[in-house]
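Worksheet: one structure, shown below.
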Ligand SMILES: Nc1ncnc2c1ncn2[C@@H]1O[C@H](COP(=O)(O)OP(=O)(O)OP(=O)(O)O)[C@@H](O)[C@H]1O
Ligand SMILES: [Mg+2]
């Protein structure tokens with residue numbers, strides 16, 4: 001089959017205040033169309049999920065939105081500002097930041113250093129003075145230090161602050177990635193498989209951290225995740241991507257039982 005029914009069941013959500021608007025985004029790699037005219041909105045204050053089989057184009061879409069890939073066509077608007085073609089750190093300044101499916105290597109850094117350099121590189125600032133002088137701490141650096149310890153505390157990894165990042169477990173690395181992303185205080189956070197490969201207890205903990213950040217601090221989340229139960233629990237809106245295209249969108253329960261989604265996962269589409 002060469003085409004899909006495009007069903008925008010976004011009607012269950014009244015999207016009047018989109019923090020992210022993607023319009024007709026396209027990206028090809030040689031003959032492969034990884035993003036094929038993708039349009040979607042992420043409503044401010046929501047947790048929106050995105051699912052789809054391996055290779056559907058989910059990470060590519062996040063790369064296009066966050067400035068790591070340049071689209072062949074289409075546009076990305078964050079908080080009302082068009083950011084298409086801008087660098088990732090410029091897009092962070094407009095309020096959008098993403099995490100990676102495979103954790104970035106932070107070798108030779110302690111957890112606290114990773115937090116601080118995270119804030120700097122995400123915001124496109126220079127190397128922290130803290131590591132150069134050791135004594136002459138500016139106001140900004142003091143704030144960053146304070147925020148780093150608050151976030152490590154929130155994610156319950158403050159006891160690891162002085163540990164080298166190389167000593168962390170996979171689950172602890174996922175927590176650090178989240179904490180580090182929040183250093184930049186983005187309005188919308190794109191998480192690429194935040195609970196892949198970690199134990200069910202920590203999956204639940206991460207779900208409650210995300211819920212708390214959303215409900216009590218107003219962060220908007222756009223989350224790629226294969227763990228459908230995790231999204232059922234958290235998301236009020238789920239977008240299904242298949243072969244670079246939006247297959248449908250709707251509330252998690254409707255989406256989960258939709259024949260087209262089942263077919264796509266079985267590879268029968
Ligand atoms: N930089 C690249 N160069 C060439 N091909 C790429 C590149 N990035 C992605 N692709 C291709 O685009 C397609 C979509 O890949 P993508 O990583 O976006 O899928 P995904 O939905 O995130 O899959 P998964 O669930 O396995 O993470 C794949 O066929 C992939 O090989
Ligand atoms: Mg991926």
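Of all residues in the range 1-29, those being over 20 Å from residue 214 (Cβ atoms), touching a helix residue (DSSP H, G or I) at 6+ places or on another chain (Cβ under 9 Å) and either at pLDDT below 70 or surrounded by fewer than 16 Cβ atoms within 10 Å (Cβ to Cβ) (or both) number 5.
When the criteria are applied in full, residue 41 meets the requirement of being more than 9 Å from ligand 1 (Cβ to nearest atom), more than 14 Å from residue 224 (Cα to Cα) and buried (at least 22 other Cβ atoms within 10 Å of the Cβ).
Selection of first residues in the range 47-64 that are under 22 Å from residue 83 (Cβ atoms) and of second residues that are outside any strand (DSSP E or B) and within 9 Å of ligand 1 (Cβ to nearest atom), restricted to Cβ pairs under 7 Å at least 6 apart or on distinct chains, gives the following pairs, ordered by first then second residue: 50/58; 57/244; 58/52; 59/101; 60/69; 63/69. Go through the range 93-113 and give me each residue that's in contact (Cβ under 8 Å) with a residue 12 or more places away in the chain and within 16 Å of residue 192 (Cβ to Cβ). Hits for the range 93-113 are 96, 97, 98, 99, 100, 101, 103, 104.
Restricting the search to the range 54-68, which residues are surrounded by fewer than 18 Cβ atoms within 10 Å (Cβ to Cβ) and within 7 Å of ligand 1 (Cβ to nearest atom)? Passing the criteria: 54, 55. Of the residues making up the range 30-54, those that are away from ligand 2 (no atom under 14 Å from the Cβ), over 19 Å from residue 214 (Cβ atoms) and assigned to a strand (DSSP E or B) are 32, 33, 36, 37, 38, 39.
Being closer than 22 Å to residue 38 by Cβ and either within 16 Å of ligand 1 (Cβ to nearest atom) or modelled with pLDDT of 95 or more (or both) is a condition met by no residue of the range 161-171. When the residues of the range 92-119 are filtered to those that are closer than 18 Å to residue 40 by Cα and in contact with a helix residue (DSSP H, G or I) (Cβ under 6 Å, 6 or more places away or on another chain), the one that is farthest from ligand 2 (Cβ to nearest atom) is 97. Condition (residue is within 9 Å of ligand 1 (Cβ to nearest atom), loosely packed, with under 15 Cβ neighbours inside 10 Å and at positive phi) applied to the range 69-85: is it met by at least one residue? No; the residues of the range 69-85 include none that is within 9 Å of ligand 1 (Cβ to nearest atom), loosely packed, with under 15 Cβ neighbours inside 10 Å and at positive phi.
The values are calculated or read from the model by the stated rules, or taken from the named source; none is laboratory data. None of the values given here were measured: they were computed from a predicted structure. Neighbour counts run over all protein chains shown; Cβ positions are idealised from the backbone, glycine included.
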